[in-house]
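Note sheet for the following structure.
Any read-out appearing in this document is the output of simple, stated calculations on the displayed coordinates, not a laboratory observation. These figures come from a predicted structure and were not determined experimentally. Don't worry about glycine lacking a Cβ; one is built from the backbone with ideal geometry, like all the others, and counts go over all protein chains shown.
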Amino acid sequence: MISKAILADIPALTLLINSAYRGETSKKGWTTEAHLLEGKRTDEPEMTEIFLDPKNTILKFTENDKIIGSVLLVEKGPQLYLGMLTVSTELQNGGIGKKLLAEAENQAKALGLSSIIMTVVSVRSELIAWYKRHGYAETGQREPFPSSDIHINISDSPLEFVFLEKKI
């Protein structure tokens, strides 16, 4: 079931997101960034900040009262920004990501927005191809990947974000 996440979900969401993107557990899934980045993908203070901004919504996918998927949606003018699409590594390739993507599109339509935009790390070709199969296209816009104490680049290549967009 997909519903809006609440503040009490922050610990479970933080654990899910970090386990799917970084560290050893993320290597079980195909969405891992562990070969590119060290550190955490997010932390509870960042998640709290996200929740407190009224332009942000986090949708959660629950099964048997456990959060197994999530996505961040941010209203940005006429567009909806989609980020941190996450599915538990044990359950990837089971259609949960597609369902979250479809619900994000429903949210954008309900808000009367013209498109959904996102950024994907440029070297994540398999992930970019997945989004393209779901109707997203590269905009041509790119920006450098930010350096921080959380996101530690261990890739041999410089990292940058590729912008993708889907018209609604």
Applying the Karplus parametrisation 6.51 cos²θ - 1.76 cosθ + 1.60 with θ = phi - 60° to the phi angles of segment 96-106, what ³J(HN,Hα) value in whole Hz is obtained for each residue in order, glycine and proline being reported as x?
5, x, 4, 5, 5, 4, 5, 5, 4, 5, 4
Rh (Kirkwood, all Cα-Cα pairs) for segment 45-168, Å, reads 15.6
Between E143 and A129, with labels modelled 7 Å along Cα→Cβ, what's the label distance in nm to one decimal, could you check?
2.8
Taking H as built 1.01 Å from N, whose amide H comes closer than 5 Å to the amide H of E160, not counting residues under 5 places away?
S122, V123, F145
Over 18 Å (Cα to Cα) among K4/K167; K66/K99; K40/K76 -> K4/K167; K40/K76
